[in-house]
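Here's the structure, in structure tokens; my notes come after.
The values are calculated or read from the model by the stated rules, or taken from the named source; none is laboratory data. Nothing here was measured: the structure is a model prediction, and the numbers come from that model. Here the Cβ positions follow ideal geometry from the backbone for every residue, glycine too, while neighbour counts run over all protein chains shown.
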Amino acid sequence: MLRFTFLSENKTQRVACLAEFGLSIFIEADGMNILFDTGSSELFAENAARIGVDLSKADACVISHGHFDHTQGVPRFCRENDHAPVYIHKDSLYPTYGTENGVLDDYNCGVIWTEEQKREIWDRLSFTDGPLRLTKDIVISGTVPDVPGFKPIEQFFRKLPEELIPDDLSHEQFLAVRQEGKGVFLFSGCSHKGIVAAVEYAKELFPGERIYAIIAGMHMMAADRDTVLRVIDRLKAEDPELVMPMHCTGVNALALFKQEFGEKCELACCGSSYTY
């Protein structure tokens, strides 16, 4: 059995839960409880309490990448749970700046923990790089390799002590869970390297397995229609049973995914649970 529940997401249809621009998913699979991302505030924990999700029972927390809307709840998680390691990529902690229409943003969209919070949680952090298997059927990808022809939609910059450099998005990672008789469930926070790159790497990590489900923020808010349809066509070739575009995918892209995938496309909402 695999069950996942959204604790933080941009949308909600459940009165008990509030929404925010962020992502957090509680995943129960292969005898493990995993918190995937922690949203942009402590709201994920408040929603969890409202719907009966016990964060103290998590065996691990996996952070998809070093942006505030996925990491800001980590200090709260470490207070709610006194033992689970927090798996975060080793390149995640740099100040990071996005762009809009070619203009650099005036705020740090990276990890924005205070120095006090860093001291409190530092011993809980487990830094990843390459693939890390939590069980034989659950893997944290580490850095996602590039796929020629599918470049990131948006440009980010990493702030070093004396300069800004292009962010190569090496800190982006996903969680892949293999379920016997179905295939691979791919959980990706924002897919800044492109969801196609994530899918291709998941197939490398689980050779011969079907990509059964793609549960992913896809960061296509700035993508034009042709770009979105090109990605959709590529994903259709995998013949997934479930496609769940979420969080940062963008309203126009969400509509295209629903139009193209029909009943196989689910639109995630905070407080919703799914069991397979």
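What's the number of the condition Lys11 fails, among (1) over 18 Å from the mean Cα position of the chain (by Cα); (2) more than 22 Å from Glu120 (Cβ to Cβ); (3) surrounded by fewer than 22 Cβ atoms within 10 Å (Cβ to Cβ)?
Lys11 satisfies all of (1) over 18 Å from the mean Cα position of the chain (by Cα); (2) more than 22 Å from Glu120 (Cβ to Cβ); (3) surrounded by fewer than 22 Cβ atoms within 10 Å (Cβ to Cβ) except (1).
Which residue, of Phe21, Phe36, is touching a residue at least 12 places away in the same chain (Cβ under 8 Å) and surrounded by fewer than 21 Cβ atoms within 10 Å (Cβ to Cβ)?
Phe21
Among the candidates Ile121, Ile112, which residue alone is in contact (Cβ under 8 Å) with a residue 24 or more places away in the chain, of a type in the set (A, V, I, L, M, F, W, C), surrounded by fewer than 21 Cβ atoms within 10 Å (Cβ to Cβ) and part of a helix (DSSP H, G or I)?
Going through Ile121, Ile112 in turn, just one is in contact (Cβ under 8 Å) with a residue 24 or more places away in the chain, of a type in the set (A, V, I, L, M, F, W, C), surrounded by fewer than 21 Cβ atoms within 10 Å (Cβ to Cβ) and part of a helix (DSSP H, G or I): Ile121.
Consider Arg178 against the criteria (1) surrounded by 13 or more Cβ atoms within 10 Å (Cβ to Cβ); (2) without any contact (Cβ under 8 Å) to a residue 24 or more places away in the chain; (3) basic (Lys, Arg): it satisfies all of them except one. Which criterion is unmet?
Arg178 satisfies every listed condition except (2).
I'd like to know if the stretch 210-229 contains one or more residues that are surrounded by 16 or more Cβ atoms within 10 Å (Cβ to Cβ) and more than 23 Å from Asn10 (Cα to Cα).
yes
Which of the residues belonging to the stretch 227-275 are closer than 27 Å to His67 by Cα, over 16 Å from the mean Cα position of the chain (by Cα) and outside any helix (DSSP H, G or I)?
Listed by number, the residues that qualify are Leu242, Cys265, Glu266, Gly271, Ser272, Ser273, Tyr274.
Among the residues of the stretch 63-91 satisfying the criterion of being touching a helix residue (DSSP H, G or I) at 6+ places or on another chain (Cβ under 9 Å) and among the acidic types (Asp, Glu), which is surrounded by the most Cβ atoms within 10 Å (Cβ to Cβ)?
Glu80
If you take the residues in the stretch 181-195 that are modelled with pLDDT of 95 or more and over 14 Å from the mean Cα position of the chain (by Cα), which one is surrounded by the fewest Cβ atoms within 10 Å (Cβ to Cβ)?
Within the stretch 181-195, the match that is surrounded by the fewest Cβ atoms within 10 Å (Cβ to Cβ) is Lys182.
From the list Ala48, Ala16, exactly one residue is within 17 Å of Ser272 (Cβ to Cβ) and either within 18 Å of the chain's Cα centre (by Cα) or crowded, with 19+ Cβ neighbours inside 10 Å (or both). Which is it?
Ala48
Any residue that is assigned to a helix (DSSP H, G or I) and closer than 23 Å to Gly181 by Cβ - is there at least one of those in the stretch 208-226?
no
Taking into account only those residues within the stretch 51-62 that are part of a strand (DSSP E or B) and touching a residue at least 60 places away in the same chain (Cβ under 8 Å), which is surrounded by the fewest Cβ atoms within 10 Å (Cβ to Cβ)?
The qualifying residue surrounded by the fewest Cβ atoms within 10 Å (Cβ to Cβ) is Ala60.
Working only within the stretch 1-34, note down all residues that are of a type in the set (Asp, Glu), modelled with pLDDT under 95 and outside any loop (DSSP other than H, G, I, E, B).
Passing the criteria: none in range.
Scan the stretch 1-30 for residues that are among the small types (Gly, Ala, Ser) and touching a strand residue (DSSP E or B) at 6+ places or on another chain (Cβ under 7 Å) and jot them down.
Within the stretch 1-30, Ser8, Ala19, Gly22, Ser24, Ala29 meet the criteria.
Kindly check whether there is at least one residue in the stretch 137-157 that is among the small types (Gly, Ala, Ser), under 21 Å from Glu209 (Cβ atoms) and not in a loop (DSSP other than H, G, I, E, B).
No, the stretch 137-157 contains no residue that is among the small types (Gly, Ala, Ser), under 21 Å from Glu209 (Cβ atoms) and not in a loop (DSSP other than H, G, I, E, B).
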